[in-house]
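Each remark here refers to the structure printed beneath this line.
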Amino acid sequence: MKKIFFLIIIVSVVISCHNKKTKNLPVGEEGIPIVKSISKIIHKREFPINNFSKIEVVSYYDRIMWDTLEYKNEQPFRKVLVDNYKLTFDSTKIKERVILNKMQEKELLNLMICDTCVPEELSAACYKPRHMILFRDSKNRIIGYDEFCIECVGSRNSDNLNGFQKYCYSDMQELLKKFGITLFIESGDEKRVKEEIDFIENIQKSK
């Protein structure tokens, strides 16, 4: 009898712990908690840009906070980011630039052509883009781009890259670090947060 009672207590504790873990998770349409994304290739496609000459990865502080260049009266988070093969925001604010070698290009494209998140990562109601991938032709013109916010799991991209943002953003972050990108604003990194705030404040003061 004591063993049965003890077993009931253990089962109750396990169920209680499970409920606590899933309580704060986002819930899908069928009421099933959505768990953390799992990296897994589920579909592979042909990459749509085949005439690029090089791929450049750039980083900058939260563009929405300093991008004041108007483009067709659109707000920074809505405007087209490349027009006539050029950026529509101030490129002098870019902090890091990395031109990928052929091996790095292959790694990046292998991530971009695969749907790697199961279940899909949930985007937040924010957009703080700090990274961008630029595809350039032999004349150094930008013929495709993918800007993204790792923190909020969101992106903006050129029309020819629609549907190629189904990778795990955590995987993309690790890949960018491997390529040499160091600008990431992560929770608890007070030094980086202060650097970004100071950068934005200095821009606002100079207006």
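No value in this document is a laboratory result; all are computed from the given coordinates. Please read these numbers as outputs of a predicted model, since none were measured by experiment. Positions of Cβ are generated from backbone atoms using ideal geometry, with glycine treated the same way; all protein chains shown enter the neighbour counts.
Things to note:
- Here the simple spin-label model places points 7 Å from the Cα toward Cβ, and for GLN204 and LYS177 these points are separated by 3.0 nm.
- Length added when fully stretched, ASP90-ARG192, from 0.36 nm per residue minus Cα-Cα: 34.6 nm
- Estimated FRET transfer efficiency when R0 is 25 angstrom, pair GLU74-ASN162 (beta carbons, to 0.05): 0.85
- Packing order of peptides 44-54, 165-175, highest average first: 165-175, 44-54 (average count of other Cβ atoms within 10 Å over each peptide's residues).
- For the residue pairs LYS79/LYS128; LYS72/LYS95; LYS44/LYS128, alpha carbon separations beyond 22 Å are given by LYS72/LYS95; LYS44/LYS128.
- Translational diffusion coefficient of the stretch 38-185 (Stokes-Einstein, Kirkwood radius from Cα pairs, 10 °C, 1.306 mPa s): 101 µm²/s.
- Ordering of 131-137, 78-84, 185-191 by packing [mean C-beta count within 10 Å, highest first]: 131-137, 78-84, 185-191
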